[in-house]
Amino acid sequence: MEAAGHSDDGTGNGKLAAGRESKGRMANLLLRKSLDTIRGEAAETGEHTLRRTLGATNLITLGIGAIIGTGVFVLTGLVASGNSGPAVVFTFIIAAVCCVFAGLCYAEFAAMIPVAGSAYTYGYATLGEIFAWIIGWDLVLEYAFGAATVCSGWSGYVLSLGQDFGIRLPPALAGVPGSTFVLFQGHWEYLGRVAAKLHELGIDPATLPQKHGVFNLVAFLGIMFATTVLIVGIRESANFNSVIVIIKVAVLLVFIGVGGYTLLHHPEMRAANWHPFVPPNLGHFGQFGWSGVCRGAAVIFFAYIGFDAVSTAAQESKNPKKDMPIGILGSLAICTVLYILVGLVLTGLVNYKFLNVPDSLAVGMERTGFRWGSLMVKVGALGGLTSTMIVMLLGQSRVFFSMSKDGLLPKMFSAIHPKFRTPWISSLTVGLVVATFASLIPLTKLGDMTSIGTLLAFIIVSAGVWVLRVRQPDLPRPFRAPWMPVTPILGIVFALLMMCSLPRETWLRLVIWLVAGLVIYFSYSRKHSKVQAAAERSAT
């Protein structure tokens, strides 16, 4: 029986033809989107295009808005309590070093290819369509799960602040499935929030009545609020974000100042809580010791992903060639210094064993004795996490917008609202999905998935800069990453090392996620790809 479309005359010509077609199909998977086409899209104007309204200051605050969020307000305590102890300071430094190399690569691409797709577009221009799809699908992990992670921590601060004013939700609507609440002093309290107090009072939590969360209503409503802000407009979102950034940086500085003053006048507190600075390993990789520092760096890495979210706003930047590198690298440098100081102060104020709470900075401020400080931290954290949610959702909706423009996703995701000039269907869809994630999935699992997705994106971007330098060394580059090819190589190596320190189940979830993405690519995206269609037209 003859294979369809390939007759064999006995000389093997049919097999050769089939082989050539197979190679052709494989080559089509590596089709690249030309830089001229990308630049042409970036130069488009009119009511169906994104509005260029962001300057260098907006971009820096956009980056800080994404970076200073869950990482410092929530994950600092979780990583200290479960992975590294007071050595959470080292986890911030290791993660920052990795980000420096990846950030330089992002800055080169963002200045050269100023469009909304970030790493997805960079991969399309350098490595080919299949890699672009993988990284675009992977960015859903980074931004969607990232926004859900942020909102999970945000809801913890909302609930804690509400309790200060006597406002409480039923446990079923105050936590994700599996979260435990105990009846303490006449109120249902999140177990992690009161664990340290119960320990001090000698109360076994198992002796108290317990209930479990079912659906985190606060997290769901928080994401939908941020989605509404994004749909209204990028300029309004950026201005709203800039105000909140000023507030939350001020809150962190007050926390560092008040906490540092307390530690300076109570040396016995810091001596007890900082010793041992690197707690001994508990017999499992990633639970204290230096393996815990390494795993903690991979988890806390989530705290830095905001700088690459800046690159998704390149098509809305007034002068991307100049401003994008400033926004990416400036926000990264400012936040690294703040993170290290906050980690030191927090673990000095509170023993790391009792930091497994979603509002760890508020717990730390309570130990200073300044009640107004705890209230201020909660309000600042709410504002800070709100701006982070907005930037994460901004990044995800812009990636969907770019993939839809290329035909890899349905056309509706690139629809621009006629009044607000924003990709409103993309924003609304992303918001609904992310709100569901935030309401049903535990915080630690969300954080791990976000970190592994981000690290994979960093590897592809670093590789893309290197490949393009080799293929097209004479391309005009407004910003050039230094120390080639050392910078991208180190970016790849550091990202791989941190990925390898994440739990096995996180890798399994990543593989399942990527396989699901490839099914979508081969069943829909490849057939509707504009680059594939253009290649077929030129071949006929």
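Every number in this text was worked out from the coordinates using simple rules, so none of it is lab data. All values reported here derive from a predicted model rather than from experimental measurement. Reconstructed Cβ throughout: ideal geometry from the backbone, glycine too, with neighbour counts over all protein chains shown.
log₁₀ I(q)/I(0) of the range 240-399 at q = 0.10 Å⁻¹, via Debye over equal Cα point scatterers, no solvent, to two decimals? So the normalised log intensities are -0.45. The convex hull of the Cα atoms of the range 389-460, projected and averaged over all directions, covers 5.6 nm². When the alpha carbon gyration tensor of the chain is reduced to an equivalent ellipsoid, its three semi-axes come out at 43, 24, 23 angstrom, largest first. Three principal axis extents describe the C-alpha atoms of the range 142-298; from largest down they are 50, 38, 35 Å. Using a simple spin-label model with pseudo-atoms 7 Å out from Cα toward Cβ, D474 and F285 lie 4.8 nm apart. Counting other Cβ atoms within 10 Å as a rough exposure proxy, the listed residues L496, L282, L252, L344 run L282, L496, L344, L252 from fewest neighbours to most.
Taking a ≥ b ≥ c as the square roots of the Cα gyration tensor eigenvalues, the range 245-306 comes out oblate, since a/c reaches at least 1.5 and a/b does not exceed b/c. Counting only the backbone N, which residues of the range 248-282 are under 16 Å from the spot 7 Å out from the Cα of I93 toward its beta-carbon? Backbone N within reach: 277-279. Dividing the Cα radius of gyration of the range 429-540 by its Kirkwood radius returns 1.06 for Rg/Rh. Taking the longest Cα principal axis of the chain as reference, the axis of helix 234-265 is set at about 40 degrees.
Angle of helix 191-201 to the longest C-alpha principal axis of the chain, folded into 0 to 90 degrees and rounded to 10: 30°. Of the chymotrypsin sites (Phe, Trp or Tyr not before Pro) found in the range 367-466, no site is in coil according to DSSP while having at most 15 other Cβ atoms within 10 Å of its Cβ.
The C-alpha atoms of the chain define a longest principal axis, and helix 217-232 lies at about 50 degrees to it. Counting neighbouring beta carbons within 10 Å and listing from fewest to most, the residues Y157, Y143 come out as Y157, Y143. By the count of neighbouring beta-carbon atoms within 10 Å, fewest first, I130, I390 end up ordered I130, I390.
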